[in-house]
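Beneath this line is the structure, given in structure tokens, with notes to follow.
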Amino acid sequence: MISIKRACVFFSMIAVFSFVYGDNNKRVRCNCDEVLVASNVSLDKLKNFIKNNRVIEIEKKTEFLNTTKFEHSNNYFFNQDPPFVELDDGRYVIVYSDNPSAIYIYSHHGKFEKVISREGQGPGEILPGCIQIDKGKNRFYVSDETQAKIIVFNYNGEFVKEIKPSRKYAPCSFKVSTVSDKYFYYHIFPLPDAPMFTMGSPDMGIIKEFGSMNEVNIAASGIGGIKAMVFNEKGYLFVIKPEEYGYEIYNGKGNFVALINGKIPDYFDPVTLREVKRERKKVGVFKFVELFFNHTNAQRIYYLGNNIIVISYIKLCYKNSNKKIRVDDIIFKRGVNEDLTHKIFLEFWVANGEYLGAVRIDGRLLPSHGENGFLYCWDLHMQPDPNGFYPNPYLIKYDIWKEVGWR
């Protein structure tokens, strides 16, 4: 009898242990197959690629790289990681948002073609922030936070119209849905009970505000914004949750579909509300947000097509050491402390929440964004001049689909 009781207690403990720890180690897949688009690809190829490439040296994969060198002169410059889009014919539209601000068009070989917009306040003039493409209408949109407007151009770089959303938003948080002719803003520094997104359209203005942020997510969005959201071909919105490991899904009407999350990997160290409050008191509102470099600006999300979502993590760390980074190093010494470096990790997910695996990028190339099976990386191979400009930059396209065997 005693043995039976002990056995029951033993198995009960196992059950509790499995419930508490087992669920935390599972990748969570939601019942949301409606987000998927038609695709004939086999995931086995991508799974094998991830399994056999735990570390990717992009710069050495010359068979799968396409490198474009951009012309440079005293009249047009590049700053670090400039926003850009690639048009259907291979030309590039590049935003330069410093002194002076302008929007340039380059050929697919990197040859300078023309300036389509300069800094100013007139129609078609802009202080550019973020650029987004609408391939269905052969247009691209450029946001201007300072003047609270969006400028629309066609693929020839001709001015089409201006949109006045009626309020100001951060330019780096701006996206355009590829199927619904709607624009979305990810709010920067809203109140805890304020909506996380605003959805609008060129004709209807503000349509809806939705989503919510807690205080951790507010802090997380503070470092100039995060590359937090992407759309798939159905118009579903996928957005990073800075405090958590994973992403949220919304449909084209702004309705919540699911939160996808699971086991927190060792290369992601989410902040806590306690840390937020402590560091805010210690260093003030405008300094404490730098604490979250590991957790926020370091997170980016891409939709590569074929129902594949990629989340990139950039982990700030000490060189050749496993010791914990001091807060002061993150806040005050990042960029000048030679002991600090970063590691880049890519996670692959099916859009409906199925986790496929992760790889690490070895080398100095940081993906700027990804689409159509490509990862785009700026290679600013030379030191900037005294004005902070980078002469003759390279844009590198890493063709994941080709290496997987899907192209």
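Taking 0.36 nm per residue of sequence separation and subtracting the Cα-Cα distance, how much length would be gained by fully extending the chain between Glu34 and His342, in nm to one decimal? Write down the numbers at each step before the final one.
On the way: separation 308, 0.36 × 308 = 110.88 nm, distance 3.67 nm.
Extending this stretch completely gives an extra 107.2 nm.
Using the count of nearby Cβ atoms within 10 Å as a rough guide to exposure, how do Glu113, Glu59 rank from fewest to most? If you can, show how the numbers build up before the last one.
On the way: Glu113 14, Glu59 17.
Lowest to highest Cβ neighbour count: Glu113, Glu59.
Is the C-alpha gyration tensor of the range 81-213 telling us rounded, prolate or oblate? Criteria: a/c under 1.5 is rounded; beyond that, a/b larger than b/c is prolate, otherwise oblate.
Numbers: a/c = 1.90, a/b = 1.63, b/c = 1.17.
Prolate shape, in that a/c is at least 1.5 and a/b is the bigger ratio.
Given a cut-off of under 8 Å on Cα pairs at least six residues apart, what relative contact order in percent is computed for the range 81-213?
Rounded, it is 13 percent for the range 81-213.
Take each of the peptides 44-56, 247-259, 303-315, average the number of other beta-carbon atoms within 10 Å over its residues, and list them starting from the highest.
Working: 44-56: 14.2, 247-259: 17.2, 303-315: 21.2.
Per-residue Cβ counts within 10 Å, averaged per peptide and sorted highest first, yield 303-315, 247-259, 44-56.
Within 10 Å of each residue's Cβ, count the other Cβ atoms and sort Ser101, Ser201 from fewest upward.
On the way: Ser101 19, Ser201 15.
Final ranking by Cβ density, sparse to dense: Ser201, Ser101.
Longer than 22 Å from Cα to Cα, which of Lys111/Lys149; Lys343/Lys397; Lys263/Lys315 are they? Say none if no pair is.
From the list (Lys111/Lys149; Lys343/Lys397; Lys263/Lys315), the Cα-Cα distance tops 22 Å for Lys111/Lys149.
Working out 0.36 nm times the residue gap between Asn154 and Asp89, then minus their Cα-Cα distance, what length gain in nm do you get to one decimal? Working shown, then result.
On the way: separation 65, 0.36 × 65 = 23.40 nm, distance 1.31 nm.
Gain in length upon complete extension: 22.1 nm.
We did not get these values from a lab; they are worked out from the coordinates using the rules stated. None of the values given here were measured: they were computed from a predicted structure. Virtual Cβ from ideal backbone geometry, glycine too; neighbours counted across all protein chains shown.
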